[in-house]
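One structure is given below, represented as structure tokens, and several questions about it will come after.
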């Protein structure tokens, strides 16, 4: 009966559009709609940025005018526009302007890259970079302090240039002596709640700053990015998204400055990717302003929506900042740390629900996930009428005690995961958590789905490259990007390929209250599409990573076309 009603509705719609012609018609490909009632279609017609018809190509002939753009997919795969479910938009642009340390395989590799940058810089210039990860290095770690390298070699090759290098996770940073001198950091400097200055046995700073302690250095480094860096960062972020098929982006932790830059980029017609902004809870003044104002939905022709808040409950596994119930297997006695108090989390959650905002919380460790679920549950019970369709999320949901897994479904909390983190982190994460916790409680996507949770996907860019194909591969194979191991890590937790695709489309749209606008190819929705060179649903596992983005179409316009 539902299918019959759907076809009748489409027929009535087409009759009402007799005089309407299409700006664009796309046909001759494998077009996955993400609509369970009509999962595949042959052709799609677009007018004024919206989908006006779909079906067989011949049935759309009468919508063609001399001005209609016809796109022949030649058998390629088209999906709804890919939605980055969790990333850092401004950070993506800034990362494009700094040293990319993600390819370093040893501390010496990092030293060599910084040395080259110092040779090209003037004395006093800041050297900025991101992407190093000590757990992926081949170094003998006997000389490391609490699992991290020390600044001595770095400071030796950069005596006249302050250096600040962000960890791949974004939850730690590495400074040389010059940067620490500028910041006034010495043996006597201490940091309290939510952060850590790692020191050697003599009490001297090693150069590594964990979690909130990074602010001691970053406040000086960030003020030296150069003129026009803000708009340049937005432009670079837009280009990176479009090249990777991203049409919408959930920005996880948007600052007051970033909002201003986004508005300026809209005025200058630079923003060509739809932004769903999560206000950073680190700025209480920003939150208080928006509590009074309320959400901003679909401004600038639906290129900017501000209706959620981002809480930060803990750190990352890579920096041992994730908050665990039991101690780290490779750092006995250390449990990580909360980066915001649960009293503050409750306050933000309560103010959020009363002001009409969705609340999304960064939680990686099992203790952090449990505590956030506890605070959510308290607020839901206090305001049951406001919580009927809350769609609150936990960002990452990486390590969850088995007791807490069913709570995602029962509380209707969305798990905003990043498949690529499993691929990238799993080989060394077992050292942090041990085999039992890795198997029972880490990256437990199938368990979450089976317990009724909705999953959305992303990359956490610039923590990982924004490439959704890599995250799709990791989600459906549970392998590293080098194809290891055979069968995947904990293969019982795999998503199906269709589930993985939904996590990047209709589920991600649902996670932003936008499933009636985007996330599937249906009449009346935005003409946002991604075209891939291969059929991601049917090709062999070992061919997935060879797939390229051929077109990125936003609002009915081709914003990216592969050469």
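Throughout, read-outs are computed from the coordinates displayed, never taken from laboratory work. Note that the structure is predicted; figures quoted are calculated from it, not measured. Here Cβ is always computed from backbone atoms with ideal geometry, including for glycine, and neighbour counts include all displayed protein chains.
Rounding to the nearest 10 and keeping the result within 0 to 90°, find how far the Cα-based axis of helix 284-293 lies from the longest principal axis of the chain.
20
Is the shape of the range 451-563 best called rounded, prolate or oblate, per the rule: a/c under 1.5 gives rounded, else a/b larger than b/c gives prolate, else oblate, with a ≥ b ≥ c the square roots of the Cα gyration tensor eigenvalues? Mind showing how you got there, number by number?
On the way: a/c = 2.01, a/b = 1.34, b/c = 1.50.
Cα axes put the range 451-563 in the oblate bin.
Dividing the convex hull volume of the Cα atoms of the range 217-371 by its residue count, what figure in Å³ per residue is obtained?
Numbers: hull volume 22.3 nm³, N = 155.
Spelled out: Cα convex hull of the range 217-371, divided by residues, is 144 Å³.
Provide, for q = 0.26 Å⁻¹, the log10 of I(q)/I(0) from a solvent-free Debye sum over equal Cα point scatterers in the range 11-105.
Reported log10 I(q)/I(0), two decimals: -1.40.
Taking Cα pairs under 8 Å and at least six residues apart, what relative contact order does the range 242-342 come out at, in percent?
Values: 149 pairs, mean separation 21.5, N = 101.
With pairs under 8 Å counted, the relative contact order is 21 percent.
Fewest to most neighbouring Cβ within 10 Å: what's the order for 193, 489, 526? Don't jump to the answer; show the numbers that get you there.
Values: 193 11, 489 23, 526 26.
Going from least to most buried by this count: 193, 489, 526.
Let me ask another. When the expected Rg is taken as 2.2 N^0.38 Å, what fraction or multiple of it is the alpha-carbon Rg of the range 205-297? Could you put the intermediate results ahead of the total?
Numbers: Rg = 15.4 Å, N = 93, 2.2 N^0.38 = 12.3 Å.
The reported ratio for this selection is 1.25.
Kindly provide the pair-distance distribution of the range 98-224 built from C-alpha pairs, with 5 Å bins from 0 and whole-percent values in order of increasing distance.
Final binned percentages: 2, 11, 23, 27, 21, 12, 3, 0.
So, in nm, how far is label residue 334 from label residue 389 when the simple model puts each one 7 Å beyond its Cα toward the Cβ?
Using points 7 Å along Cα→Cβ, the separation is 4.6 nm.
Estimate the FRET efficiency between residue 145 and residue 28 by the formula 1/(1 + (r/R0)^6), using the beta-carbon distance for r and 51 Å for R0, to the nearest 0.05.
Numbers: r = 60 Å, r/R0 = 1.18.
Working from the Cβ atoms, E equals 0.30.
Compute the long axis of helix 229-243 from its Cα atoms, compare it with the longest principal axis of the Cα atoms of the chain, and write down the angle in degrees, 0 to 90, nearest 10.
In the chain, helix 229-243 runs at an angle near 50 degrees to the longest axis.
Can you check what the Kirkwood hydrodynamic radius comes to for the range 329-479, Cα pairs only, in Å to one decimal? Display every interim value, and only then the final one.
On the way: mean 1/r = 0.0622 Å⁻¹.
Radius from the Kirkwood sum: 16.1 Å.
Compute the length gained on full extension between residue 283 and residue 96: take 0.36 nm times their separation in residues and subtract their Cα-Cα distance, giving the result in nm to one decimal.
Values: separation 187, 0.36 × 187 = 67.32 nm, distance 2.54 nm.
Additional length available on full extension: 64.8 nm.
Let me ask something else about it. What is the chain's relative contact order, in percent, from Cα pairs under 8 angstrom and six or more apart in sequence? Don't jump to the answer; show the numbers that get you there.
On the way: 1220 pairs, mean separation 91.2, N = 563.
RCO, the chain: 16 percent.
Separation between the residue 535 and residue 116 pseudo-spin-labels, each 7 Å from Cα along Cα→Cβ, expressed in nm?
With each label point 7 Å from Cα toward Cβ, the separation is 4.2 nm.
Also, I was wondering about something else. Rounded to the nearest 10 degrees, what's the angle between the helix 419-441 long axis and the longest principal axis of the chain, both from Cα atoms, 0 to 90?
With rounding to tens, the tilt is 60 degrees.
Tell me, what is the Rg over Rh of the range 74-137, with Rh the Kirkwood radius over Cα pairs? Provide the component values of the computation, followed by the final result.
Numbers: Rg = 17.1 Å, Rh = 14.6 Å.
Expressed as Rg/Rh, it is 1.18.
Whole percent per 10 Å bin, from 0 to the bin with the longest distance: what is P(r) over all C-alpha pairs of the chain?
Cα pair-distance distribution for the chain, in percent: 3, 18, 27, 27, 16, 6, 2, 0, 0.
How would 342, 97 line up from fewest to most surrounding beta-carbon atoms within 10 angstrom?
Values: 342 16, 97 13.
If I rank by nearby Cβ atoms, fewest first, I get 97, 342.
How would you rank 188, 243, going from fewest to most other Cβ atoms within 10 Å of each one's own Cβ? Working shown, then result.
Numbers: 188 7, 243 15.
Lowest count first: 188, 243.
Roughly what % of DSSP beta bridges within the chain run antiparallel, to the nearest 5? Write down the numbers at each step before the final one.
Values: 40 of 83 bridges.
Here the antiparallel bridges make up roughly 50 percent for the chain.
Now a separate question. Obtain the nm distance between the two label points defined at residue 229 and residue 48 by a simple spin-label model: each point lies 7 Å from its Cα along the Cα-to-C-beta direction.
4.3
Cα-Cα pairs above 15 Å in the range 408-491: how many percent? Display every interim value, and only then the final one.
Working: 2012 of 3486 pairs.
Of all Cα-Cα pairs in the range 408-491, 58 percent lie more than 15 Å apart.
Tell me, in nm to one decimal, what length is gained between residue 435 and residue 20 on full extension, where the rule is 0.36 nm per residue of separation less the Cα-Cα distance?
Details: separation 415, 0.36 × 415 = 149.40 nm, distance 6.09 nm.
Working it through step by step, the gained length comes to 143.3 nm.
Please give the length that would be gained between residue 103 and residue 153 if that part of the chain were fully extended, namely 0.36 nm times their separation in residues minus their C-alpha to C-alpha distance (nm, one decimal).
Values: separation 50, 0.36 × 50 = 18.00 nm, distance 1.90 nm.
Fully extending the segment from residue 103 to residue 153 adds 16.1 nm.
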